[in-house]
Structures are given as structure tokens and as C-alpha cells.
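S.K.: Right, I'll just put the structure down here and ask away after.
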Amino acid sequence: MQTHKAKRVEITIEAVMQNRLTDALHGAGVTGYTILPVLGGSGRSGDWTREGQIGRAGMVQVVCIIRPDRLDGLLDAAFGVVERHIGVVCVTDCDVLRAERF
Amino acid sequence: MQTHKAKRVEITIEAVMQNRLTDALHGAGVTGYTILPVLGGSGRSGDWTREGQIGRAGMVQVVCIIRPDRLDGLLDAAFGVVERHIGVVCVTDCDVLRAERF
Amino acid sequence: MQTHKAKRVEITIEAVMQNRLTDALHGAGVTGYTILPVLGGSGRSGDWTREGQIGRAGMVQVVCIIRPDRLDGLLDAAFGVVERHIGVVCVTDCDVLRAERF
Amino acid sequence: MEGIIALAGANLISPIVLSFALGLFAALARSDLSVPEAVAKGMSIYLLFAIGFKGGVAVASHGIDVTLGLSLLAGVILSAALPLVAFALLRAMSNLSRMDAAAVAAHYGSISIVTFVAASSVLEGRSIAYEGYMVAVAAAMEAPAILSALWLVARGSGGRKMEAGLWHEILLNGSIVLLIGSFVIGWVTGTDGLAQIDSFIVAPFKGVLCLFLLDMGLVAGRGLRGGRHVLGAGALAFGVIMPLIGAGFGLMAGLLLGLSTGGVTLMAVLSASASYIAVPAAMRVALPEANPSIYLTLSLGVTFPFNLTLGIPLYMAAAVALTGG
Amino acid sequence: MEGIIALAGANLISPIVLSFALGLFAALARSDLSVPEAVAKGMSIYLLFAIGFKGGVAVASHGIDVTLGLSLLAGVILSAALPLVAFALLRAMSNLSRMDAAAVAAHYGSISIVTFVAASSVLEGRSIAYEGYMVAVAAAMEAPAILSALWLVARGSGGRKMEAGLWHEILLNGSIVLLIGSFVIGWVTGTDGLAQIDSFIVAPFKGVLCLFLLDMGLVAGRGLRGGRHVLGAGALAFGVIMPLIGAGFGLMAGLLLGLSTGGVTLMAVLSASASYIAVPAAMRVALPEANPSIYLTLSLGVTFPFNLTLGIPLYMAAAVALTGG
Amino acid sequence: MEGIIALAGANLISPIVLSFALGLFAALARSDLSVPEAVAKGMSIYLLFAIGFKGGVAVASHGIDVTLGLSLLAGVILSAALPLVAFALLRAMSNLSRMDAAAVAAHYGSISIVTFVAASSVLEGRSIAYEGYMVAVAAAMEAPAILSALWLVARGSGGRKMEAGLWHEILLNGSIVLLIGSFVIGWVTGTDGLAQIDSFIVAPFKGVLCLFLLDMGLVAGRGLRGGRHVLGAGALAFGVIMPLIGAGFGLMAGLLLGLSTGGVTLMAVLSASASYIAVPAAMRVALPEANPSIYLTLSLGVTFPFNLTLGIPLYMAAAVALTGG
Ligand SMILES: Nc1ncnc2c1ncn2[C@@H]1O[C@H](COP(=O)(O)O)[C@@H](O)[C@H]1O
Ligand SMILES: Nc1ncnc2c1ncn2[C@@H]1O[C@H](COP(=O)(O)O)[C@@H](O)[C@H]1O
Ligand SMILES: Nc1ncnc2c1ncn2[C@@H]1O[C@H](COP(=O)(O)O)[C@@H](O)[C@H]1O
Ligand code: NA
Ligand code: NA
Ligand code: NA
């Protein structure tokens, strides 16, 4: 099966920042992403868990698959949002089917 | 710690197609996978969000770790299902513990 | 944008073992991870789904991004927990922003 | 006429309709108000269980009407026939593709159980009786429309067969099973059964319906925000005209069957309403090329609010006038 | 005898049992009907809170019975002893491995709180009184069985120690804490407290139980679909015989303690029922090699439906006969 | 004095407070008891809808008080001014950074709707009337505090502007929209509307509040477990002193406005309470450098329990004494 090189960017970010991140992505021309819920986690600011949370607390994971040449634009856009905030950005090489979609 | 080369295939697909995909995977001899819920996303068919969805709307992410030599069979099976449908297939190289499981 | 090499470790494990795993990770000095819920899956012990589950059944996915030199410590810690249990450990190469965080 | 307006006015300021409006407003104003998916699903399970159960108890206490079988048959025929009307109308009024038009048509043959619930709630509020088995008619009308739509597509493109598994999915989809199942439970256990659980399924029913409609408003509003660009004026007009046509067929069927005033109203409501649960899922499987924004926006964003606010009192007034009830 | 059959018949067509049957049917027919995990958990929190609270209020208003302490002790002994019976029986009747047999045995020493709730609901329906503190006995019976099972395994394989954290998890697991906690709240606030919240925890109780059992039916059905291959005829028979044996022990204990008719019934029900929440979780931690399909299918797919449909009326009839109540 | 103690005692053994205590205990004892996020959110939607609706109905039936406008204004002023007091106090009493102190201050200017709900529930239990529009005052007090806090930070560091989108988010956040929206629905539909849904929003209200507070106890307990290290003695003392100061301002405002005894109590309760939903979310966006453990632990782990247990009866006693009601 014919596959094509691409990059998979996974951004873990606070739920309150989700719209700002996706707006920034749209601004950078990135219109394809998938958002996963996060149950809990741990980092420099300690442990947390989603259970019983009241309000808009918690984090989400935004997964974005893009053509390699568009990576830098995406990272700049993402960094503008996560910069002052907690959150993790992780990039992996990947292969995709149907390259025309990315 | 001894690790072994494998492939990680991540298929983002509409929830209504989940059973058809997993049936196709079983048919191709792939019996190990993990299904993650998806909160929302964006693509060529626009934005959507899971919140308040009524009915079986939404997407899921099926993650499948397999031995490299079985990748093609899996991709063929997956492609048969996603072909006419929206959805993204992304393959990454990975290392696994306990290779006998895959 | 400046990125740094890191490892992404994804551990799929039973929910009842989650605390034991994160305790072991903390014990091995790994304090950053993100936990994703799992909807269902299939493996050698058959199919299962989260829907309608009663009690603390089900699985979670723990995603841990670390500096490459700390990988072995993490895998040892993780393996100590998953050893007798069902579950999958998968390691991918990745690049991260803000290396000082890992 | 004045009666209709007063009725519509009273309906418009009911907590149910206003809750829907609140949700619609919140979504259009981009508030982050949202009802968790699990809670929405929990409420819909409650509503289906309650409406089915009460229908069954009604049948148990009033006995099976001779027209039950005929009503079911009429429901199946309406569900299968209305898509043909809808399809012809859409092709004439809008520039939707054959595929999109067929997918939309399927929704209008099938039914919206929440519209049914809201209508029966209004009927109960005015103490207008209706046949308990109308719940079963609702269930019978869910699926046939899907078949008609697939036939419309197949006729055009030649030979699109319906996948085996899809039938199973449609006929045993969760809402049908729950509705019919609780109907049977209500029938079997009768008023004794109802006495055991009525403070759960009767007393709080309308309040739960308010919260459910709040969420429906949110979903409809989000859909409208995203989907308004895909609909032309023709398609939008269809979203208001088609329920009126459907209601006309439903009224006629109800009168021919000799149903009670409430029964005629519900037959009209079912025919006028458009699905947004069972049919969209089936379309995603069977006609993935059809654009979901189009059919969801029309069904949930245009027709559902129209029926909820103006349609129900209108169909009720017509039924009252026609049955002389 | 006829009385028992009438009782069982009446029980079988209650909305509660029929809701379970509907769930079972839907799952076996592969319908996509499902109750979201969060809603199922929400309902179980409600049921535990309500049953605990009402038990506490009962103790507050009737005073502490002298037999309270003895009943708790009896519960602990039954929970610890029944796994030994179950283990011996399983080794004789089935070809399960030592590990699997021990894991199954743990489930039958422990209890199913939903079976308890269903039974107390039936008792209330027939106005048979029972001791309010039976809720505390239920809580006391959750854990000891786990210890017995681990001892059975350790005896066989030599030296499997129980991990420190596991004790904490078992004794402070959510359902025990909620049950005991709400029991204490009910006790402290008494009938005044109940008056404040009874339209929440009393009136809709049975209706919520119906929806919860609908979900239990779905879960049991899914389990049966997947798990039927792992169970032989011997294991299946065990799933029906063991509750009868357990109920026998429970009846004896209840009579020796001099409990009321309702109390004896509940003691039998607790002994007859098998856990599917606390014990499976503990087994996944302590005996991960044991196959969860086996113990879940037996407990949830065989014994739970048996108790719900035939067991409860049977144990109740026996208690009535034996206490002359 | 004795009256206050009796009042506080009675309050302490109410099911509501004890449910909170149970949650607190379970979290501190590391039980795995937890309420699913979706269920917690579902309950908060129910509570907001019910309290708003009932407030609107009260306004509809008692008419608009001339002091309504003034009360709203007073609420806005209190919300904007209290952060300045809180900030000064924190800088004097604790060693929190400017940023952390400002973030904490924002929480104490804003309000906790659950504290408001608990207080109105206590008032209703003692049949003390209050102005229905206090719900609107609560909504008006949510946001101004955020502005004050941002001004405090900007004054220090020079020129931190408030992002455009943030305003929209704060003013149209889900709880405000739902509260005001259901208030308007209650107002429009009046007692007729209430009659349709009171067995949903009135009868079970207190019971739902118990389960919600169980979850609040769990969340507070988890917060305390994680957050106790970040708080010094000064900050902890602030968590008890500040609500007393806030309540003092609220009492004065209520008296000046000439509110009823219940109204004065609620004004004090609103001023004394600290936000843990709207403000934390706003702070994560606007002041991400401020440590959320600090403000959440203080607001939810210290001030909320204080108000729930001792504060409410105290403020009520003061209002009774001062209004002579
Ligand atoms: N090394 C890591 N790997 C995976 N997720 C992380 C890592 N570090 C932080 N996170 C996630 O980011 C959140 C905030 O991290 P921090 O800013 O370090 O407090 C945590 O709660 C985790 O969900
Ligand atoms: N580039 C992408 N990266 C990650 N997820 C994507 C991407 N493109 C599409 N998706 C996911 O697939 C869904 C359907 O995409 P589409 O078919 O482009 O509308 C979206 O809603 C996303 O959840
Ligand atoms: N090859 C695989 N790829 C992804 N997930 C897997 C794989 N094998 C097992 N899993 C996950 O691990 C769980 C237990 O697997 P097993 O121990 O094989 O029964 C499954 O239910 C899946 O969620
Ligand atoms: Na229709
Ligand atoms: Na037992
Ligand atoms: Na305040």
C-alpha cells in the first residue's frame, strides 16, 4: 500500500486553551486535527485527575498530522499559544495513506 | 531492556464504522488493538465536537501495534473500510517490550 | 523552531493498575505523563468495551515523554508493573519543544 | 385562527420551548455552555424508557384497539412514501446533488422521537387523549424511509446494494429496542407496574424534557453556526414546507384510521418530523458521500425548531378541527 | 410450593426483572443500545447512597438491635467461609485451574449490592420489615472473601503475599465508603434528614433501579456473548447451585441470630449473591493470571440473573416458612 | 450566641453538610470513590437550572422590587471592590507573589453558586423568605472581580492587557448563561411554568444537592491532599478571615438596600464565598503563571467548607439579629 511521509504533532494543553490553539492552527493554515480527552496526568505543576472535576478544568490532546514542509508553521503557531502555559508538544515521523488529504 | 521493532498504526474513523473496521482487522488476522475516544476535531468536512452529541455520532481512534511484516495486510484491511469514508491512517515506527505478544 | 530528541512511551494498562504504574514511574524519577481514557480494545484475552462498565473496569493509556537517556529506567519501572498483567508498552522516537521540561 | 395563534403563543412560552430557545441562544452566542454527551444520552434513555412504558400501560388498560395493526401499517407506508415526495420536492426546489437529496429525504420519512415526546406532553397538558400504541407506530416509522432513500440512489447510479450488517443495525438500533422494549414492559406490568415507578417516569418527566431540549438547542445552534453556509434558500424553505406536507399526509392517515384527536395529532407530528439520530448514523454508513452538515442542519436546525414551536400547535389545531374533538 | 411459584411469577413480571431481561435481550441480539459508563456509575452512586441512608434512618428510628454486632460477625464469617465451600465444589464439579477456581470462589463469598437492593425492594413491595443495619452487614461481607481466596492460592503455590496497597484499596473501595458513609449520615440525621431528601432517595428509587438493571442486563449479555465459550457445563451448574448453598448458610445464620423475616431473607440473599465490582478489581490486581471472563460470566451472567428472577422469591419463601412470618 | 451555636450545630448535622464531609473523608483517606465528571457536570446543570428558574418564578409572583436594580449594582461594586481588600490582606498576611495574590483575590470577589444554593436551602428549611432576584445578583457578581484582579497585576507589572476573547468567555460562560437564562424562563412562565416541572426542580433538589456536595467534598479533599504544601499559615488564615470580612461588607450592603432577612443573608453569603469554576478558568487563560493549586486549595479546600459549615449559620444569625427578622 502506497504511503507518504508526514509528521504527527501531539499537543497536550489545558482545556481552556483549546479554542485558542485551534484558532491559531487554523490561522497557520492547519485545518486537520483530532482532539482526544485526557483523564489526568502529572508534571511540574503536580498531579491532577479529571474525575469529579467541576467546571472547565482538565487537559486535552490535539493530534495533528501534516506534510513535513508545513511543520515549522504549525510549531510556530502552537508555540505562540503554549508558550506561557503548561503543556507539551511532541513531534513524530509517520507515514500516511491518502497523502492528498494533508 | 530488550525491545523489538514494530509498527504503530493509528486510525481515526467515524464511530459508526468502528465495528466494520475491527471486523476487517480480525479478518486480516489483527487481533490486538486499543480504541480511544475522540472529543472533536477538524478536517475537510469541517469542525465537530462530541459534547452534547445525540446518537452514535463522533469518531474514535483505533491504535494497533503490529509486527512490521504484517503492516501491509493491516493497511489493506483498513483501507477497504476507510476508503469511501472520512478518516485518517497514520503509521509510526516503534519499539515494543514482549515481542511475543504481537 | 528548535526541537530536541526525546522518547514517547505509551503504556496501555488496566485501570486498576494505573496508580501502581504511576507510583513506579515516580519512583523511577519520571514525573511527567499524561493519561488517556480507553474506550475498548481487543487482545489475547478477547474484546472488551467501556460502555456500561460497572466498577473500575477498563484500561487507560499512559503517555510519557522523556529524555532518551532516561528511557531504560522508565522501561524497567514500567515492566515491573506490567509484567504479570495484560498491557502493551510501545516506544517511539520523537522531537519536543522546550527540552528543559523533560 | 385566533385559537391557533393563542395555542401557538401558549406553546411558545412553555418551559420546554424556552429551554430549547436558551440552548439555541447559548450556542449561537458561542457560550461554552454544554451538556456532557453521557448526560444527554442518559436523558434520552430516560425519555425513551418513560414514553415507551407509559404507552404500554395505556394499551394494557384500554385494550388493543382494532386499528393498532392498521396504524402500524399506515406508519410504515408513510415512512416509505414520504421520502419520495421529499426527494422530488428537493430536486425541484434546491440544487442539492442526487445523493444529498436522497439522504435528506430519508430523514423526513423517518421520525423525531423528541418531537413526538414534546407533542404528547402538550396533549397531556391539555388533557387530550391519544392512543397509547402511537409509540409503537413511532418505532415502526423509523426505518422504512432509509430503504426508500437507498432505492432512490440505486435507481440513479445503478446498483448500490445495501450492506447486510446495516439492516441489523437499523432494526435493532438502541432507540427502537428501548422504545419497543419498554412498551412491552409497560404492557405486561400494566398499571401495577406503573404504580411502582411512576414517581420516576411520570412526575419528573417534563423537567427532564426541558433539560434535554436545552441540549437539543445547543446542538441545533452549533449545527446552524457551522452548517448555514451549506444550505441555499431553496433547501431552507424545504425545511419548513416539507413538515407541513408531511403533517398533511399524517392528518389524512389519522382520519382514515379513525384515530382519536390526540392520535391524529401524533400521526401528523410523526409524519412532519425528521430524524436526527437513527437516519444520520445509517447515512454515514450507507451514503458516506452525502454531506452530513446538510441533512443535520435541515433536520435539527430548521425542521425540529419549526415543529417544536409552530408545528405542534398547528397540527393539533388542525386535528381538533378535523375530528371535531 | 404454589405460593413460591406465584411469588416467583409475580417477581418475574416486575418492571425491575423485565428491564434486566430487556438489557439481556438487547445485548444478545447485538443491538447497539448502551448506557454510558458515567451514567451507570452515577446510578450506582445514587443507589448506594439511597440504600445506605435509608438503612441508617431505620437504625436511628428503631434503635440498635442487640444482634447488630452478632450479625456483622456472622457476615464476616460467612464471607470468609463460603469461598472454601465454593472452591471445593468448583474443583469437584469443573475443570477450572486452582487459580481460576480460587478467583471464582472469592466472588461467591462476597456480595452483590444490586441483588441486595432488588431483594429489599421486593420486601418493601410486600411490606415485609427487615433490620436497617443489614446494609452494614452487606458492607462487612464485601472483603473477607478476598482474603480466603488469596489464602487458597497461597496454600497451593506457596507464599503469595498480599500486597500492602491492596488492603487499603479493598477496605476503602468506593462502594464500601459510600454505603457505610451514607448509612452513618442516615443514622445521624434520622427521620428529619430523610424528610429533607426522601423525594429524591425514596420516591424515584425503583425507577432508577429499573434503568440500572437495564444496564446490568446489557453488561451481562455482552459478557455471556463473549464468555460462554470459556465455561463448561460444570462451571455453569456451579453458578446455579452455589447460590442455593450460600442461601442455605445465610438462612441458618439468620435464624440463629433471630432476625426478622426480612432480615433472614436478606442474609440469605447476601450469602447467595456473588460480587462483580469489588472482587473482580481486587482479582485483577492480586491474581492477574486468573481469567476474568470466567468469573465475570459466572457471577454476572449466570448467578446474578438466577438470583434476580428465581433466587429472591425462593429465599423469601423459605424465610417466611422458617420464621413463620 | 447560644442561638448561633444551636443553629450551627443543626446545620452541621444536615445531610448536605455531612455528604460534603463524607466526600472530604473519602478523598483524604485515599478511597477510590469518585463521581464521573459528566455526572458532576450534569448535576451542576440541574442545580443552576433549578435555582435560576425558581428565582425567576419568585420575581414573577412577587413583582419586581424597586431595589432590584440597586442590588445588582451593589453586587457589581462588591465583586469589584472585594479583590482589592483581599489583595491587600494577602500581601500583608502571606508571602504569596503579586501574581498569586491577585489571582486569589479574584476568586474572593467572585462567588460560589453552590454556597449560595446551600444557603438558600437552609433559609427555605427555616422558612425565611428572600428576594427571588438574588439569583441575578449572584450572576452579576461572577465577573467584575476578574477585572479588578487583572488591574492589580497590570498596575504592578505594567501593561498586561486583557485579551479580547476572554471577555466573551467570562460574560457568556456556561453557568452565567444557564443561571440568567433559566431565571428569565422562570420569570416568563411564572407559577404556571413551575407547576409543570416542580416535581423535577423542587422536590428532588435537596437530594441532588447532597450528591453534588459529596463530589465537592471529594474534589476539595483531593485538592487539600495535593495543595496543602503550597499554603503557608498566613494564606490558610486568610481563607477563614476573608469570608468573614466579605460577609461583613455583604451584610452592610444588604441592610443599606433594605433587603429582607433572607436577602441580607444571601448578600453576605455571596460576598463571603469564593469562586472555583468561572474564575479559575479565567485565571488559567489570563494569568497562567499564577499557581492554580494555591487558589483552588484556598477557595475550595478552606473557604468553601468554612462557609458551608460555620459561615452560613453565622451570617444568617447576624442577618436575623441586624434586621430584627
Ligand atoms: N513528560 C511528559 N510526558 C507526557 N505528558 C506530560 C509530560 N510533562 C507534562 N505532561 C502533561 O502536561 C501537564 C502539565 O505539565 P506541567 O506543565 O509540567 O505541570 C501534565 O499534567 C501532563 O498531563
Ligand atoms: N491532518 C489531520 N490530523 C489529524 N486528524 C485529522 C486530520 N485530518 C482529519 N482528521 C480527523 O479526521 C476527521 C475527518 O476529517 P475529514 O475527512 O478531513 O473531514 C476530522 O474531524 C479529524 O478528527
Ligand atoms: N497489538 C496491540 N495493539 C494495541 N493495543 C493492544 C494490542 N494488544 C493488546 N492491546 C491492548 O491491550 C489489551 C489487553 O491485551 P491482551 O493482554 O493481549 O488481552 C487489549 O484489550 C488492548 O486494549
Ligand atoms: Na417524518
Ligand atoms: Na455471597
Ligand atoms: Na465573594
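S.K.: Pick out the long, greasy-scoring helices in chain F: whole DSSP H runs spanning 27 Å or more along their own axis by Cα, mean Kyte-Doolittle at least -1.0.
M.R.: Details: long enough: F:37-62 (37 Å, 1.03); F:68-93 (36 Å, 2.08); F:205-227 (31 Å, 1.05); F:233-257 (36 Å, 2.02).
Flagged H segments are F:37-62, F:68-93, F:205-227, F:233-257.
S.K.: If you average 1/r across every pair of different Cα atoms in the stretch F:82-180 and take the reciprocal, what Kirkwood value do you get, in Å?
M.R.: Its Kirkwood hydrodynamic radius stands at 15.1 Å.
S.K.: Could I have the simple spin-label model distance between E:LEU84 and D:ALA88, label points 7 Å from Cα toward Cβ, reported in nm to one decimal?
M.R.: According to this spin-label approximation, the distance is 8.2 nm.
S.K.: Across the residues of C:82-90, average count of Cβ atoms on other protein chains within 10 Å?
M.R.: Mean number of neighbouring Cβ atoms from other chains: 6.
S.K.: Taking Cα centroids, how far is the stretch F:10-28 from the stretch E:19-68 in Å?
M.R.: Here the two parts' Cα centres lie 22 Å apart.
S.K.: Helix B:18-27 sits at what angle to the longest principal axis of chain B, using alpha carbons and giving 0 to 90 degrees rounded to 10?
M.R.: Here the helix axis deviates by roughly 20 degrees.
S.K.: Also, quick follow-up: For the stretch E:110-238, what's the relative contact order in percent, using C-alpha pairs closer than 8 Å and at least 6 residues apart?
M.R.: 25
S.K.: Fewest first, what order do D:SER121, D:SER14, A:SER42, E:SER127 take by the number of other Cβ atoms within 10 Å?
M.R.: So the residues, fewest neighbours to most, are E:SER127, D:SER121, A:SER42, D:SER14.
S.K.: Chain F: which residue's Cβ hugs the F-to-E rotation axis most tightly, distance rounded to whole Å?
M.R.: F:ALA38, 2
S.K.: Here's something else I'd like to know. Only Cα pairs within less than 10 Å get springs; with that Gaussian network setup on chain B, which residue of B:LEU75, B:LEU39, B:LEU21 has the largest fluctuation?
M.R.: Comparing B:LEU75, B:LEU39, B:LEU21 in a Gaussian network model of chain B, the most mobile one is B:LEU39.
S.K.: So, R0 is 51 Å and r is the distance between the beta-carbons of D:ALA321 and F:ILE64; what FRET efficiency does that work out to, to 0.05? Could the numbers behind the result be given before it?
M.R.: Working: r = 40 Å, r/R0 = 0.79.
Given R0 = 51 Å and the Cβ-Cβ separation, E is 0.80.
S.K.: Still on this structure: Using a basic spin-label model with each label point 7 Å from the Cα along Cα→Cβ, how many nm lie between E:ARG225 and F:LEU72?
M.R.: If labels sit at E:ARG225 and F:LEU72, their model points lie 5.5 nm apart.
S.K.: Only Cα pairs under 8 Å and at least 6 apart count here; give the relative contact order of chain E as a rounded whole percent.
M.R.: Numbers: 523 pairs, mean separation 107.5, N = 325.
Relative CO of chain E lands at 33 percent.
S.K.: A follow-up question, please. Counting each DSSP H run of 4 or more residues in chain F as -39500 (n - 2.57), what helix-only mean residue ellipticity at 222 nm follows after dividing by all residues, to the nearest 500 deg cm²/dmol?
M.R.: -25000 deg cm²/dmol
S.K.: Here is a follow-up. Counting other beta carbons within 10 Å of each Cβ, put E:GLU124, D:GLU142 in order, fewest first. Spell out each step's value before the answer.
M.R.: Details: E:GLU124 16, D:GLU142 27.
By the 10 Å Cβ count, ascending: E:GLU124, D:GLU142.
S.K.: Ok, one more. Considering only the other residues whose Cβ falls under 11 Å of the Cβ of F:ARG30, what net charge follows from Lys and Arg at +1 and Asp and Glu at -1? List each step's numbers first, then the result.
M.R.: Numbers: positive: F:ARG222, F:ARG225; negative: E:GLU169, F:ASP32.
Computed value for this residue: 0.
S.K.: In nm to one decimal, list the spacings between the E:ALA237 label point and its equivalents in the other copies, with label points set 7 Å along Cα to Cβ, shortest first.
M.R.: 7.6, 7.6
S.K.: Per the Kirkwood treatment, what hydrodynamic radius in Å, one decimal, follows for the stretch A:15-101 from the mean inverse distance over all distinct Cα pairs?
M.R.: Radius from the Kirkwood sum: 14.3 Å.
S.K.: When only Cα pairs under 8 Å and 6 or more residues apart are kept, what is the percent relative contact order across chain B?
M.R.: 52
S.K.: Then there is this: For each of E:VAL39, A:VAL63, count neighbouring Cβ atoms within 10 Å of the residue's Cβ, then give the residues from fewest to most.
M.R.: Ordered from fewest to most neighbouring Cβ atoms within 10 Å, E:VAL39, A:VAL63 come out as A:VAL63, E:VAL39.
S.K.: Additional query: Compute the long axis of helix C:71-82 from its Cα atoms, compare it with the longest principal axis of the Cα atoms of chain C, and write down the angle in degrees, 0 to 90, nearest 10.
M.R.: 10
S.K.: Which of B:ARG20, B:ARG44, B:ARG84 moves most in a GNM of chain B, Cα contacts under 10 Å?
M.R.: Looking only at B:ARG20, B:ARG44, B:ARG84, the largest GNM fluctuation is found for B:ARG44.
S.K.: Sorted by average packing, counted as other Cβ atoms within 10 angstrom per residue and highest first, what order do D:97-103, F:25-31 take?
M.R.: Those peptides, ordered most packed to least, come out D:97-103, F:25-31.
S.K.: Let me ask another. Determine the equivalent ellipsoid of the protein assembly as shown by diagonalising the alpha-carbon gyration tensor, then write out the semi-axes as square roots of 5 times the eigenvalues, largest first, rounded to whole Å.
M.R.: On the way: eigenvalues 315, 315, 291 Å².
The three semi-axes for the protein assembly as shown are 40, 40, 38 Å.
S.K.: Here is a further query. Once you average over the residues of D:179-190, how many Cβ atoms of partner chains fall within 10 Å of each Cβ?
M.R.: Numbers: counts 0, 1, 10, 7, 0, 3, 11, 2, 0, 5, 6, 1.
Across the residues of D:179-190, the mean count of other-chain Cβ atoms within 10 Å is 4.
S.K.: For labels at B:ASP69 and E:ASP192 in the simple 7 Å Cα→Cβ model, what's the distance in nm?
M.R.: 7.7
S.K.: Still on this structure: Take the alpha carbon atoms of the stretch E:179-257, find their center, do the same for the stretch D:247-325, and report the distance between the two centers in whole angstrom.
M.R.: If we compute the Cα centre of each part, the gap is 42 Å.
S.K.: Taking a 32 Å limit on the Cα-Cα distance, which of the listed pairs D:LYS54/F:LYS41; D:LYS41/E:LYS206; D:LYS41/F:LYS206; B:LYS7/D:LYS41; B:LYS5/D:LYS41; B:LYS7/E:LYS41 fall beyond it?
M.R.: The answer is B:LYS7/D:LYS41; B:LYS5/D:LYS41; B:LYS7/E:LYS41.
S.K.: Separate question: Count the net charge of all other residues whose Cβ sits under 10 Å from the Cβ of D:LYS54, scoring Lys and Arg as +1 and Asp and Glu as -1.
M.R.: Summing Lys and Arg as +1 and Asp and Glu as -1 gives -2.
Values quoted throughout were computed directly from the atomic coordinates according to the rules given, and no laboratory measurement underlies them. All values reported here derive from a predicted model rather than from experimental measurement. Backbone-built Cβ (ideal geometry, glycine too); neighbour counts: all protein chains shown.
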